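Undergrad: Mind having a look at this structure? Questions to follow.
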Amino acid sequence: MEVLRKLAGEANNLNQLARQANTYGIHHLEKEVRQTLAAVQNIIEKLSNDWKNNKR
């Protein structure tokens with residue numbers, strides 16, 4: 001459940017970044033977008049590992 005809450009939090013971050021991108025342009029948000037992408041990839045990896053471990 002904790003990992004899913006983190007994923008929901010990152011979805012919120014993405015929504016905020018999308019709003020800012022519409023206002024200021026995507027180039028101003030590159031660092032934040034890359035950080036959020038890395039966080040989402042990390043969460044997906046954790047979920048995948050959890051799923052694989054529970055299947056065994």
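The values are calculated or read from the model by the stated rules, or taken from the named source; none is laboratory data. Since the model is a prediction, treat every value here as computed from it, not as a measurement. Every residue, glycine among them, receives a Cβ derived from its backbone with ideal geometry; neighbour counts consider all protein chains shown. Each accessible area value is taken on the protein alone, full model and side chains, heavy atoms only, with ligands, DNA and RNA left out. Shrake-Rupley method; radii C 1.70, N 1.55, O 1.52, S 1.80 Å.
Undergrad: Starting from the stretch 36-51, take each residue that is closer than 12 Å to Leu4 by Cα and list its partners that are open to solvent by 70 Å² or more (accessible area, probe 1.4 Å) and among the basic types (Lys, Arg), counting only C-beta distances under 8 angstrom and pairs at least six apart or across chains.
TA: Ile43/Lys6
Rundown of residues vs (1) under 11 Å from the mean Cα position of the chain (by Cα); (2) loosely packed, with under 13 Cβ neighbours inside 10 Å; (3) of a type in the set (D, E, K, R), yes/no style:
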position: Ala8; (1), (2), (3): yes, yes, no
position: Ala21; (1), (2), (3): no, no, no
position: His27; (1), (2), (3): no, yes, no
position: Val33; (1), (2), (3): yes, no, no
position: Ala39; (1), (2), (3): yes, no, no
position: Ile44; (1), (2), (3): yes, no, no
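Undergrad: Here's something else I'd like to know. Give me a count of the residues in the stretch 46-56 that are exposed (fewer than 11 other Cβ atoms within 10 Å of the Cβ) and among the charged types (D, E, K, R).
TA: Count: 3.
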